[in-house]
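Q: Let me give you the structure first, and then I'll get to my questions.
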């Protein structure tokens, strides 16, 4: 079985379809919960599955340090290790090297860095990153790139993008073809349209199973991000999946789907779940707020997660106030459920040709805020 | 329906039977997972149920401070608040006042103390403790007592026990009879046989739905604890359940069941689950130990919990090393499952008249230690 994406319906630039992979089908547009170190934080794999999530993300940087790629390989790969038989996408490790690791030294061939955990020295090259992702048994591997800093001058962004394109070619060459597995290239170029187009053309010439847009959600703001998508997405092959890395808020997702993006990942739902921030159809609430202390209503009356069907806002407030682990556990579950339901509704709207009306209704409910009763 | 305990089988001093309560049946001997602040730490209520647990414990001291008894009452009681429809036993609050609260002042009528959370002033009397437990909707309420310090002179233990007996009478009088609800008295008297017998007689004269043995597992050691049980248990009514408070290790449980105890609670399985200590049929392991880093075996091959059926010791080691919440979540689940399976096997052994042989086999497997393969 070959790795493929098929388009079932379009609505403007938005597309609904499905990925076929060695580890199962995934309907798109899809949001991937982040399973950094081989676990979606505060959730069992069963709980993640129960939300409807079918594709999750693992972080190569974290996994190569702990437990180590060889160890994951010996344990049968990431799927078996974490009890997630479905597809897994891993990033290349490059982004976290830049954001977490110490004493980074970038050269034309790769990057040397020290572990943020124990200071040990490591090196990533396009070839070693792809090799590690293969040991992890990633269904989708990402090419090693340099996430261009923001802000950057056009000359800096150009040099950085050119390096990423050389690494993309080497990453593609290092990828071992296996039925149902794929490798994605990553468009860079900062906020500069010409560079983005040059990058998209370079990647298309190499040929990947899918194309990611990287270097966004790094401080440029939503308008600039959407501007880059408006330029970049039309330059990508129409028959391949498009992945906007590290994005984002529900509103970001609505806008990016409308611009033709098929895949997303972000720590927002899981991180927010640990800090008492609830994503709901009525907007975002901070459950530590004293106004929830006696609120006997479900967090979100439209949600079918265990938190919303079995507990009150008052109980969740109590759990966070007492720093009980069940607070983060239940709210992470809810937030991941919210994101999955959100994407399910978007997919249905695209198939029914009513994405714009759906997006307007969703935004209107957010703006309305919490039910005052 | 009245609160009752029926004996189905005996094996020496050990008894197998069942509690009938307003919130369902509970087979005994039973171990209660501790749900301190309205949550068994790191577990959903569903997960607790899945282990076979049918009776859990809540701490009045914690719940009266946060979220507060009136608030729990307004939320429909502890069962509804935490989604645990089964029976719940609450302690009186007295033990935690002595171990956690600040600026305690004990008088003949009750105890005044400051919250360890925010320094606010509170007071517990026999009447207020029982009233709070009623607001919490505790299936089984405990009489307010003073947990006699260890060590104590016989005079100190006598005075303390006498106070507890006066409070026991007041607690019993304050308890509102409701079908299927019960109140237990607590035997005190330190390690002094005459005091224990005096206390048991005093409580029996008052008349309770069950009898607890308190003031143990406070540093006196297992031998002294068993000595107190040998004296105390025969002095308690044979047709009522007997509860050894705050105990203990699996070995403590084996010994106490053999001496006629029917009910237990202890933080060991849940606390150990958060600190990487695993209770297994092969003894206790610390999963942080480096020897587990590449151990691809299940934690306990005889256990059916999600950790043991879906993950390796290496994965659990990895989760604890990375301080991932899933480590405490999965290991707490396992430890609670272990304790429930342990009690289920004890109940079966009593009914089949082979408790001594069963206990010997269980201890032999612990002594054997981990499978060396």
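We did not get these values from a lab; they are worked out from the coordinates using the rules stated. Since the model is a prediction, treat every value here as computed from it, not as a measurement. With ideal geometry, Cβ positions are generated from the backbone for all residues, glycine too; neighbour counts draw on all protein chains shown.
Q: Being under 20 Å from the mean Cα position of the chain (by Cα), within 23 Å of residue A:89 (Cα to Cα) and assigned to a helix (DSSP H, G or I) narrows it down to one of A:168, A:205, so name that one.
A: A:168
Q: Condition test on residue A:274, is it in contact (Cβ under 8 Å) with a residue 40 or more places away in the chain and within 13 Å of chain B (Cβ to nearest Cβ)?
A: Yes; evaluated as a whole, the condition is true for this residue.
Q: Within region A:45-124, which strands (runs of 3 or more DSSP E) (wholly inside it) include 2 or more residues that are more than 15 Å from residue A:138 (Cα to Cα) and in contact (Cβ under 8 Å) with a residue 12 or more places away in the chain?
A: Filter on region A:45-124 gives A:102-106, A:111-114, A:121-124.
Q: Given the options B:309, B:332, name the one that is more than 21 Å from the chain's Cα centre (by Cα) and under 17 Å from residue B:51 (Cα atoms).
A: B:309
Q: Mind listing whichever residues of region B:1-11 are surrounded by 19 or more Cβ atoms within 10 Å (Cβ to Cβ) and part of a loop (DSSP other than H, G, I, E, B)?
A: Listed by number, the list holds a single entry, B:3.
Q: In addition: Name the helices (runs of 4 or more DSSP H) wholly within region B:291-373 that hold at least 2 residues that are in contact with a helix residue (DSSP H, G or I) (Cβ under 8 Å, 6 or more places away or on another chain) and within 14 Å of another protein chain (Cβ to nearest Cβ)?
A: B:306-310, B:313-321, B:326-351
Q: Then there is this: Would you check if residue B:280 is more than 14 Å from every other protein chain (Cβ to nearest Cβ), under 25 Å from the mean Cα position of the chain (by Cα) and closer than 30 Å to residue A:69 by Cα?
A: yes
Q: Still on this structure: Need the failing condition index for residue A:195 against (1) closer than 18 Å to residue A:98 by Cβ; (2) assigned to a helix (DSSP H, G or I); (3) in contact (Cβ under 8 Å) with a residue 40 or more places away in the chain, just the number.
A: Unmet condition: (1).
Q: Which of the residues belonging to region A:30-40 are surrounded by fewer than 24 Cβ atoms within 10 Å (Cβ to Cβ) and either out of contact with any strand residue (DSSP E or B) (no Cβ under 6 Å at 6 or more places or on another chain) or within 9 Å of chain B (Cβ to nearest Cβ) (or both)?
A: Answer for region A:30-40, where residues must be surrounded by fewer than 24 Cβ atoms within 10 Å (Cβ to Cβ) and either out of contact with any strand residue (DSSP E or B) (no Cβ under 6 Å at 6 or more places or on another chain) or within 9 Å of chain B (Cβ to nearest Cβ) (or both): A:36, A:37.
Q: While we're looking at this one, here's another question. When the residues of region A:232-263 are filtered to those that are part of a strand (DSSP E or B) and closer than 17 Å to residue A:10 by Cβ, which remaining residue is farthest from the chain's Cα centre (by Cα)?
A: If we take residues in region A:232-263 being part of a strand (DSSP E or B) and closer than 17 Å to residue A:10 by Cβ, then A:242 is farthest from the chain's Cα centre (by Cα).
Q: Another one. Looking only at region B:41-74, how many residues end up being within 13 Å of another protein chain (Cβ to nearest Cβ) and over 28 Å from residue B:123 (Cα atoms)?
A: The number of residues fulfilling the criteria is 9.
Q: Residues being on the phi > 0 side of the Ramachandran plot and assigned to a helix (DSSP H, G or I): count how many of those fall in region B:208-231.
A: Summing the residues that are on the phi > 0 side of the Ramachandran plot and assigned to a helix (DSSP H, G or I) in region B:208-231 gives 0.
Q: Further question on the same structure: Select from region A:12-29 the residues that are surrounded by 24 or more Cβ atoms within 10 Å (Cβ to Cβ), in contact with a helix residue (DSSP H, G or I) (Cβ under 6 Å, 6 or more places away or on another chain) and either within 14 Å of chain B (Cβ to nearest Cβ) or assigned to a strand (DSSP E or B) (or both) and list them in ascending order.
A: Matches in region A:12-29: A:14 only.
Q: Taking region A:75-85, which residues are more than 10 Å from chain B (Cβ to nearest Cβ) and more than 28 Å from residue A:303 (Cα to Cα)?
A: Across region A:75-85, the qualifying residues are A:77, A:78, A:79.
Q: Working carefully through the options B:219, B:207, B:185, find the one that is touching a strand residue (DSSP E or B) at 6+ places or on another chain (Cβ under 9 Å), surrounded by fewer than 22 Cβ atoms within 10 Å (Cβ to Cβ) and in contact (Cβ under 8 Å) with a residue 12 or more places away in the chain.
A: None of the other options fit; the residue is B:207.
Q: I would also like to ask the following. Exactly one condition in (1) in a helix (DSSP H, G or I); (2) crowded, with 24+ Cβ neighbours inside 10 Å; (3) free of Cβ contacts under 8 Å to residues at least 60 places away in the same chain is false for residue A:190; which is it?
A: (1)
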